[in-house]
Structure formats: C-alpha cells, structure tokens
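These notes are about the structure you will find just below.
A short reminder: the numbers here are calculations on the coordinates, not readings from a lab. Just so you know, these numbers come straight off a predicted model, no measurement behind them. Every residue, glycine among them, receives a Cβ derived from its backbone with ideal geometry; neighbour counts consider all protein chains shown.
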Amino acid sequence: MNKSIRNTQALAAAIAITSAFGAHAAGYPERPITLVVPYPPGASTDSLARATAEALGKVLKQTVIVENRPGGATTIATMAVKRAEPDGYTLLFQTDGLVSGTYAVQNVGYQPADFTTISPLTRTPFALIAPSSIPSGSLDAFFRYARENPSKMNYGMLGSGLSVYKILGDAITSSTGITWTEIPYKGGMEGIQAAMAGQIQAYFATVSLAVAQQKQPTINIVAVTDTRRSPYLPDVPTFKEAGYPDVVSTSLFGLAVRSQTPKDIQETLAAAMRQVVSSDEMKKSMTTLALEPYEGSLQDYAREGDELAQRYAAAAKRLGMVAQ
C-alpha cells in the first residue's frame, strides 16, 4: 500500500511539474532574449546578428539583446551559452567555430552535439586578398610570386589552431606547393589592414568584408573559394575555375540553442526565424551586407554542418591535430 501511495505521489508530482513547465513554455518569451555573438562589434557577422536580433524581436514581440563575446577561437561565446540555462533565453550566433573550437582550445568544455540549430542564416565563401604592392592581379601571378619568394610569404588568419583559414592555407599548399607562414589576427579588419600595409601577403576575408574594401587601391581581390562566382564580386574568378578544384570552402552561419532546450521552445524560435529570413527586411539587410540567404532547409543545413565536421576531422588528422 505504501509503495502504491508513493508511486501515486511521484506521478502527481511529475504531472504538476510538467503542467507548470507547459504553462511557462506556452508564454515564451516572457522576458528579453540574449543573442551571444562570438565576434567584436563592427564585423559583418556582428551586423548580421544585429539585423537578425531586431527582426526576431519584432516577430516574438520581445527584446533580443546582442551580446558580443569575442575571443578564444569563438569558444568564449559558445561556453557562455553552454553555461546558460537551456530555456530559450540565451541563443548562440552559430559559426564554424562550433566545430573548429574543439581543436583550437584545450579542455574546451563543450561538444558540437551540445547545441541544436534552430535556423540557418547564410553560407558565405571567402576571398583571397593580397597587397597590390606584389604581383597579385591574377591568381597565376600571385602563385608565381609565392613560389619565387617563399621566405616572404605570410598569410593572415583569425585566431589560432584549426580553423577554416588554416584549412584554406593547407589546401592551397597542397594544390600549389607554395609555403607560407600563418599570422593570427583578432578580427577581419585587422587582417585586411595588414594586407593593405603589405605586412602580410594574403588574407582570406569573407566576401562581405572583401566587397566593403574592394575599392581600396592597396589590395587586390584575387579569387573566391566557392564553386561559382559571387554575385557581389562577379569579375573575380573562383579557385575552381582557375584550375584549383580543391580550394573550395564556405562558412555556415545560423542560430542555435542548447540541445536540452524544450522542443516546444525550439519550435517557437524556429517558426519565428522562418518569418525573419523570408521577410523583405532581412533580405534587404543581407543584400546590404553582401550576404546571400541560405537557400536550403534546416535539414540541408544540418547535413552541411556534418560534412563540415568531417572536413575538419580529416584536416586535423592530416595536420596532426586532435580535438581537445
């Protein structure tokens, strides 16, 4: 009898907790939401995050605050979200750093599986930028100079460790035989400015950042890393069409939450983000930032994310790096 009473009491308690939470979830969001961004203010990714936060806030009828947490190869921002309650009030501006950070920082404290994507935003290729003070008017001229001057070749990358920049540098080395030294920078503009000053001979900028600097006379935009030319840089060839099919890479950007976040809250956020990304306001913001909206489904985005993780794993093995 006592056992039966205890079971009944436990069931009643479980129902009460579930009902209370269900009522709470039904009212979501009841207070401001924080969107944690792993980049400093002023970057194109930060501008995208702010446009997203503003549009999402309008749909949810709640304030969405952007919190910049740069550093640690994007792991500082990621861990800030990992430590937050999985209640839908702390979102992560998701980047490739979710994967690369596990190779870049010792005892990083998270796994990519700790997070679930609720919405894709964009996928963006990179543009190879080189100082105009060296032969860089074409990819052939740039590579010829690099082969003839191996001791002078440095390229800029964001952060350290395994990253899309290191993977691109390694892919070019494998495809062309050139050798160069990595120089880490904290932000994209810092890398661009180093290229303008001739302090480095190459920098891989997002197309968005490259477009913003394309009229600078001290740099050339040499090639892009997509399988097709960018509509924002139609006169710049791809590495693939120039004869380097292995130098292809794009980065994914989206919004994610802790995987333990209740499914109904995830669905609320996903539905709101579908309105955001399809709105004329968001399309205009992306055009202004020289970004292309992600055209696939959430499932396509997840598949590309898995493929990206496999590329990182293969590159890490080739470069002798291990996940922390």
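A few remarks follow.
- The simple Förster model, with R0 at 41 Å and r as the Cβ-Cβ distance, assigns residue 302 and residue 183 a FRET efficiency of 0.75.
- Proximal lysines to residue 186, defined as alpha-carbon separation beneath 17 angstrom and excluding residues fewer than eight positions away on the same chain: 166
- Exposed loop sites are taken as trypsin sites (Lys or Arg not before Pro) in a DSSP loop (any state but H, G, I, E or B) with at most 10 other beta carbon atoms within 10 Å; the longest stretch of the chain without one runs 62-214.
- Helix 2-26 vs. the chain, principal-axis angle (Cα, 0 to 90°, nearest 10): 50 degrees
- Shape call, the chain: gyration tensor on alpha carbons, a/c limit 1.5: prolate
- Folded to 0 to 90 degrees: helix 164-176 orientation relative to the chain principal axis, Cα: 40 degrees
- When you restrict to C-alpha pairs under 8 Å that are six or more residues apart and normalise by the size of the chain, the relative contact order lands at 24 percent.
- Net charge contributed by nearby residues that have their C-beta within less than 11 Å of residue 165 (K/R +1, D/E -1): -2
- Whether the stretch 197-324 is rounded, prolate or oblate, judged on the alpha carbon gyration tensor where a/c under 1.5 counts as rounded: oblate
- Helix 44-60 and the long axis of the chain differ in direction by around 30°, with both axes built from C-alpha atoms.
- Residues of the stretch 265-291 with amide N under 14 Å of the 7 Å Cα→Cβ point at residue 54: 280-289
- With the helix formula -39500 (n - 2.57) applied to DSSP H stretches of n ≥ 4, the chain reaches a computed 222 nm mean residue ellipticity of -14000 deg cm²/dmol.
- Straight-distance crosslink candidates among lysines, where the alpha carbon sits under 30 Å from residue 263 and sequence neighbours closer than 8 are dropped: 58, 61, 82, 283
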